[in-house]
Amino acid sequence: MLSITHRLAEEVNAQADQVTAAITLLDAGATVPFIARYRKEATGGLDDSQLRLLEQRLGYLRELEERRAVILKSLTDQDKLDETLEAAIAEADTKQRLEDLYLPFKPKRRTKAQQAREAGLQPLADALLADPSQVPEVTAAAYVDPAKEIADAAAALEGARQILMEQFAEDPELVGRLRADLWDEAVMVAEVVAGKEQEGAKFADYFDYRERLAAIPSHRALALFRGRNQGILNLSLLPGDDAETADARYQRQIAEQFGIADHGRAADAWLLETVRKSWRVKLFVRLELDLKGQLLAAAEEEAIRVFAHNLKDLLLTAPAGRLPTIGLDPGLRTGVKVAVIDSTARVVATETIYPHVPKNQWDQAIVRLAALATEHGVKLISIGNGTASRETDRLARELIRRHPELGLRSLVVSEAGASVYSASEYASHELPNLDVSLRGAVSIARRLQDPLAELVKIEPKAIGVGQYQHDVNQTQLARML
């Protein structure tokens, strides 16, 4: 088993000593940007993308090693750790594989299989599996013991079946294979909860929905889970497009794993029924939960990646330049907030105009904007894309048409996070004498003049550069952004 350092070196395409240096710096509290910019000589020139991957994988691998140590101690305490199991655990390279190996030994509530073992039925289960030529009822008769609550042969056989079902469902190789196959073949089914049609109208696209699990894009997966969490949708999995055929195929895999087949022997039918129940009652139920979790994790990862990509693009939007700018924060009843900034982004004028309903002071608004543009040499008009944005954009175009001598240009910009900035401690220090409602217009003006300089003042999550940001893992989202 490779050490964490050597695994990371392979994954980020670097030398072990480079990885060691980066880990030392990260553990000392240095950030990825700091290391990438100021500690290149220490890491041998690792770039920011390598360092981000290294930081992310380092956390995962350390958690994996901590869990591996806990599992090894538990198995040692139970006296269940042999050389083969220890080697398999040492080679496990994912948390899921580690948990699959540990599952048969994991302390759990007292199951029916455990009760059957305590009643002495393990030899019966082993005998029928090893020699299907035995007649189940005849073999089981020897295990009848009312004192152990085994009233008859049927009760003994039921106990043996519970033991085999648990054994089948906890085989790590089988579980891993079935999980991989199901990921490729399973179908997600969504149905509306009875009586929730009106309340959940925004999820109407999923009221009668079927799609191959592996093909569901992240935004659709997050919508499905949001619908489920809000009590609008029921989500379930089918093992394949043709559920009956898929069920038979997966049961055949279980049977083959344990050498079970219908050769006309006395116990064959009993064993095949045990396989069927193991699949429906144990394996599929567990794997359905696993796969839903896997889908959600993959959807969150992709959504967070898209968030980060969009945020980067937004921050690196080309600046319009240091030109005097009017910022318009659109509104209807409350009016359009106006802020004028000079070429250094300093606020030189603010006011509120009411061009839209209910006051409809259209001409007065144009006259006032023209006066501000003339007075301060304004060349750009920046319009927020919120409520009444279209109407305000039309106002700006009318201003440009009526006053071509001003040489104005207008552009609609994202106003996401402007309200967050307006009420922030940063804004109160930066614009202490300005009303909260007008600070948004200042931010909108500055976003056109120099997007990066303005947007870095706002918490990344508030800029709103993706979907379902409140549905994903908030710690991972914050770290990535």
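Key figures for this structure:
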read-out	value
Residue within the range 74-94 that is open to solvent by 20 Å² or more (accessible area, probe 1.4 Å) and within 26 Å of the chain's Cα centre (by Cα) present	yes
Selected residue (only one of Ile326, Ile304 is within 29 Å of Val456 (Cα to Cα), open to solvent by less than 50 Å² (accessible area, probe 1.4 Å) and part of a helix (DSSP H, G or I))	Ile304
Residue in the range 405-423 that is more than 26 Å from Glu459 (Cα to Cα), in contact (Cβ under 8 Å) with a residue 60 or more places away in the chain, surrounded by 15 or more Cβ atoms within 10 Å (Cβ to Cβ) and among the acidic types (Asp, Glu) present	no
Near pairs, Cβ below 7 angstrom, 6+ apart or cross-chain, from the range 143-168 (without any contact (Cβ under 8 Å) to a residue 40 or more places away in the chain) to any residue that is in a helix (DSSP H, G or I) and crowded, with 21+ Cβ neighbours inside 10 Å	Tyr143/Leu124; Tyr143/Ala156; Val144/Ala156; Ile150/Ala156; Ile150/Gly159; Ala153/Ala140; Ala156/Leu124; Ala156/Ala140
Residue check for Ala22: in contact with a Ser or Thr (Cβ under 9 Å, 6 or more places away or on another chain) and surrounded by 12 or more Cβ atoms within 10 Å (Cβ to Cβ)	yes
Residue ID - farthest from the chain's Cα centre (by Cα), chosen from residues in the range 246-261 that are crowded, with 17+ Cβ neighbours inside 10 Å and not hydrophobic (A, V, I, L, M, F, W, C)	Gln251
Residues of the range 219-245 satisfying the condition of being open to solvent by less than 20 Å² (accessible area, probe 1.4 Å) and among the β-branched types (Val, Ile, Thr)	Ile232
Of all residues in the range 149-197 being among the small types (Gly, Ala, Ser) and within 36 Å of the chain's Cα centre (by Cα), the one that is most open to solvent (accessible area, probe 1.4 Å)	Ala194
Residue list for the range 356-404, restricted to those being touching a Leu at 6+ places or on another chain (Cβ under 9 Å), closer than 20 Å to Leu332 by Cα, of a type outside the set (A, V, I, L, M, F, W, C) and exposed (fewer than 13 other Cβ atoms within 10 Å of the Cβ)	Pro358
Test result for Val338, surrounded by 16 or more Cβ atoms within 10 Å (Cβ to Cβ) and outside any helix (DSSP H, G or I)	yes
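The values are calculated or read from the model by the stated rules, or taken from the named source; none is laboratory data. Everything numeric in this text was worked out from a predicted model, so none of it was measured. Virtual Cβ from ideal backbone geometry, glycine too; neighbours counted across all protein chains shown. Heads up: the accessible areas ignore ligands, DNA and RNA and are worked out on the full protein's heavy atoms, side chains in. Shrake-Rupley method; radii C 1.70, N 1.55, O 1.52, S 1.80 Å.
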